[in-house]
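The values are calculated or read from the model by the stated rules, or taken from the named source; none is laboratory data. The structure displayed is predicted, hence computed values, not measured ones. All Cβ positions, even for glycine, are placed from backbone atoms using ideal geometry, and neighbour counts span all protein chains on display. When the accessible area is computed, the model is the full protein with side chains, heavy atoms only, and any ligands, DNA or RNA have been set aside. Shrake-Rupley method; radii C 1.70, N 1.55, O 1.52, S 1.80 Å.
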Amino acid sequence: MTSNDTVYRAVDVGYKGEHRPAMVYVGTLTDKGEIPEISALQPGDVYQVMVLGENSVNSKHHCMLVTLDHETGRITSKVIECPIITNIGYTPATRVGDTVYVFGGGFSSRGDNLYAYSIEHKTWRQVHKRGQWPAARQGHSAFSLGGKLYIAGGHGRDSWSGCFRECWCYDTETGVWTRQRDAPMELGGSATVVVGDVVHIIGNRWHTFSLSRGWKGEASTPFKCRYAGGVCVGMDIHILGGRVTKGEVHVYNTKTKEWRQGGDLPVPVGKCRACLIRPRTLLVCGREGVLVGDVPLTPEERREKERLVREREDRKREEKERLERERLERERLKRLEAERQSLVTSLLSLGVSADALPPSP
């Protein structure tokens, strides 16, 4: 383990996900759609993640909100009502704007229902089926691009062996599904990570997808990945646990395009998911429970942060100097006006015409 490796610890939130539970950030976002730094939080802002899936601790508590207190660092959880079946599993949850969407999933059987959760109103609804509609599935990937929901791959209704290649897009404004170009190969049980405008789907193979170029096959990963958790921290992709690499963490630098090992998990975590709950704090959830880790800055990120801090301090200093110059100028003009008024008063007392008086500065 190096100084740049994340140290994970177990937290008890009353949840152990039996079948790769869904995880999605439902807390405050910036105008750019990013999780805000602590310094930017406003009153009422929260760091919060939704966890959804069969819970071996209490089967009735299959949907909960996990909150991180930004002042104390304490993590708490709250069970919320949810219309989705309690043994739901192998399905992702995806945030599009202020709504979370959950399609399909199941365990012994697959579903094709689409549910929507309003983050603002904290209410669920089932989306009415109309027009083209994706087939029932589980183990698929889901992501948001361009303000729309996408799903790709997954296991069909009757088989664990085969997976779909198809990709669908759901327009949240019109409520219409549209079939997209198929993926180059079958997808299922993959880690799905969005970095900027590119989606990385990492499983037995690694593919990327973007709106501008579509699907693209990437180089093989130096490890086997199946049902692992995936999350983007800064510009790095973290792949955690999984059915094959249960105790491992692998990190991909999207700038240098290099993989490295990112330390080990304190316990082997099999079929799991991962999600950010703070800009550099992530949660990992599987049947072993919930782990939390704070990802340290890399040397490059540390230098960049120091540069941004210097720039911010320079801007503050320049703004302070500008305000001081403006204050001094206002005082100068005020003195000149006082002198003029005094002169005007004197001239008027001597009978000088108003037309001959000096103008205001």
Query raised in the report: When ligands, DNA and RNA are left out and all protein chains stay put, how many square angstrom of accessible area per residue does the chain have with a 1.4 Å probe?
Result: 52 Å²
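How big is the range 1-73 by the Kirkwood estimate over distinct Cα pairs, in Å?
Taking the inverse mean of 1/r over all distinct Cα pairs, the range 1-73 comes out at 14.3 Å.
Just flag the GluC sites (Glu not before Pro) in the range 168-249 sitting in loop per DSSP whose Cβ has no more than 16 other Cβ atoms within 10 Å. Don't skip to the end; give the middle numbers.
Details: sites: Glu173, Glu186, Glu218, Glu248; in loops: Glu173, Glu186, Glu218.
Listed in order of number, the matching sites are Glu173, Glu218.
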Query raised in the report: For the range 227-270 and the range 178-197, what is the separation of their Cα centres, given in Å?
Result: 19 Å
Query raised in the report: How fast does the range 298-338 diffuse by Stokes-Einstein, in µm²/s, taking the Kirkwood radius from C-alpha pairs at 10 °C and 1.306 mPa s?
Result: 128 µm²/s
Requested in this report: Show which aspartates and glutamates lie in cross-link reach of Lys122 when reach means a straight Cα distance below 17 angstrom and same-chain residues fewer than eight apart are skipped.
Outcome: Asp45, Glu81, Asp98
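Of all alpha-carbon pairs in the chain, indicate the percentage at a distance above 33 angstrom. Could you put the intermediate results ahead of the total?
Details: 23675 of 64980 pairs.
Tail of the P(r) past 33 Å holds 36 percent of the pairs.
Please state, rounded to one decimal and in Å, the Kirkwood hydrodynamic radius that the range 31-86 gives when every pair of distinct Cα atoms enters the mean of 1/r.
Values: mean 1/r = 0.0769 Å⁻¹.
One over the average 1/r among Cα pairs gives 13.0 Å for the range 31-86.
How much length would be gained if the chain were fully extended between Leu343 and Lys224, taking 0.36 nm per residue of separation minus their Cα-Cα distance, in nm to one decimal? Don't skip to the end; give the middle numbers.
Values: separation 119, 0.36 × 119 = 42.84 nm, distance 8.86 nm.
Result: 34.0 nm gained on full extension.
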**Report entry** Within a Gaussian network of the chain (alpha carbon springs, distance under 10 Å), most fluctuating of Arg330, Arg310, Arg213
**Finding:** Arg330
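With a ≥ b ≥ c taken as the square roots of the eigenvalues of the C-alpha gyration tensor of the range 179-312, please select rounded if a/c is under 1.5 and otherwise prolate if a/b is larger than b/c or oblate if it is not? Before the final figure, lay out the partial values.
Values: a/c = 1.92, a/b = 1.16, b/c = 1.66.
The shape class here is oblate.
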Requested in this report: Please list Val100, Val194 in order of solvent-accessible area, largest first, computed with a 1.4 Å probe with all protein chains present.
Outcome: Val194, Val100
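Report, to the nearest whole %, how much of the accessible area of the chain belongs to carbon and sulfur atoms, 1.4 Å probe, protein only.
Numbers: 9240 of 18800 Å².
Answer for the chain: carbon and sulfur cover 49 percent of the accessible area.
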Report task. Measure nothing fancy, just the Cα-based angle from helix 299-349's long axis to the longest principal axis of the chain, in degrees from 0 to 90, nearest 10. Result -> 20 degrees
Query raised in the report: How do Glu34, Glu311 rank by accessible surface area computed with a 1.4 Å probe, from largest to smallest?
Result: Glu34, Glu311
Query - Cα extents of the range 84-207 along the three principal axes, largest first (Å) - result: 39, 35, 25
Query raised in the report: Using the per-residue mean of other Cβ atoms lying within 10 Å as a proxy for protection, in what order, highest first, do the peptides 314-324, 141-151 fall?
Result: 141-151, 314-324
**Report entry** Gln126 versus Arg322: modelled label distance in nm, points set 7 Å from Cα along the beta carbon direction
**Finding:** 5.7 nm
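May I ask for the Kirkwood hydrodynamic radius of the range 147-210, worked out over all distinct Cα pairs and given in angstroms to one decimal? Show your work: numbers first, answer last.
Numbers: mean 1/r = 0.0801 Å⁻¹.
Roughly 12.5 Å, rounded to one decimal.
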Requested in this report: Filter the trypsin sites (Lys or Arg not before Pro) in the range 4-96 down to the DSSP loop ones having no more than 15 other Cβ atoms within 10 Å, then list what survives.
Outcome: Lys32, Lys60, Arg74
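By accessible area of protein heavy atoms, probe 1.4 Å, what ranking do Met185, Met23 get, highest first? Walk me through the numbers before you get to the answer.
Values: Met185 60, Met23 20 Å².
Highest to lowest solvent-accessible surface, that is Met185, Met23.
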